[in-house]
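Here's the structure we're looking at; comments come further down.
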Amino acid sequence: GCELRLVSAAHAALSRSVALPLLVLLASSAGMSHASVSFLPSSFAMGCLALAFAHWIEASCRAAPAVHSRPASSGLDLTARAYTSSIWWVAAASLVGWPFAALAGLPLAIDATAALGPRRFLF
């Protein structure tokens with residue numbers, strides 16, 4: 001489920017030539033198949049981080065200047081929503097699952113701050 005969401009985000013945002021090797025690597029890795037069926041805090045964190053990275057891929061590709069368009073709405077636009085959901089998945093992984101998963105959120109926070117601006121990222 002979570003890995004498939006990551007592959008579909010890579011396919012939609014990047015290309016099929018990126019998604020296909022990712023699918024092969026994820027399917028052939030022994031750690032993914034064994035950890036995904038066991039209910040351990042680290043396997044929960046793995047699933048949450050896969051979802052966080054899927055949302056991050058979508059957000060960073062939307063924030064690219066060639067693709068980026070901001071709809072005129074009063075709420076958060078799609079890019080900010082994708083960054084927000086990615087941050088929530090990292091928070092769930094580190095609070096509920098494995099505390100060291102928060103380290104995976106550091107590059108995400110730097111990217112979100114650069115894409116949205118520090119004022120918009122924090123508020």
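Some notes on this structure:
- Hits in the stretch 15-52 (condition: in contact with a Leu (Cβ under 8 Å, 6 or more places away or on another chain) and modelled with pLDDT of 70 or more): Leu22, Leu26, Ala50, Leu51, Ala52
- Sub-6 Å Cβ pairs linking a first residue in the stretch 34-47 that is surrounded by 16 or more Cβ atoms within 10 Å (Cβ to Cβ) to a second residue that is at pLDDT below 80, at least 6 apart or interchain, are Ser43/Ala35; Met46/Ala35, ordered by first then second residue.
- Options Ala115, Ala64; residue that is under 19 Å from Ala9 (Cβ atoms), surrounded by fewer than 14 Cβ atoms within 10 Å (Cβ to Cβ) and at pLDDT below 85: Ala64
- Condition met for Leu103 (open to solvent by 90 Å² or more (accessible area, probe 1.4 Å) and either at pLDDT below 90 or not charged (D, E, K, R) (or both)): yes
The values are calculated or read from the model by the stated rules, or taken from the named source; none is laboratory data. These numbers come from a predicted model, not from an experiment. As a convention, Cβ positions derive from the backbone with ideal geometry for all residues, glycine included, and neighbour counts pool all protein chains shown. For the accessible areas, the whole protein counts, side chains as well, though only heavy atoms, and no ligand, DNA or RNA atoms are used. Shrake-Rupley method; radii C 1.70, N 1.55, O 1.52, S 1.80 Å.
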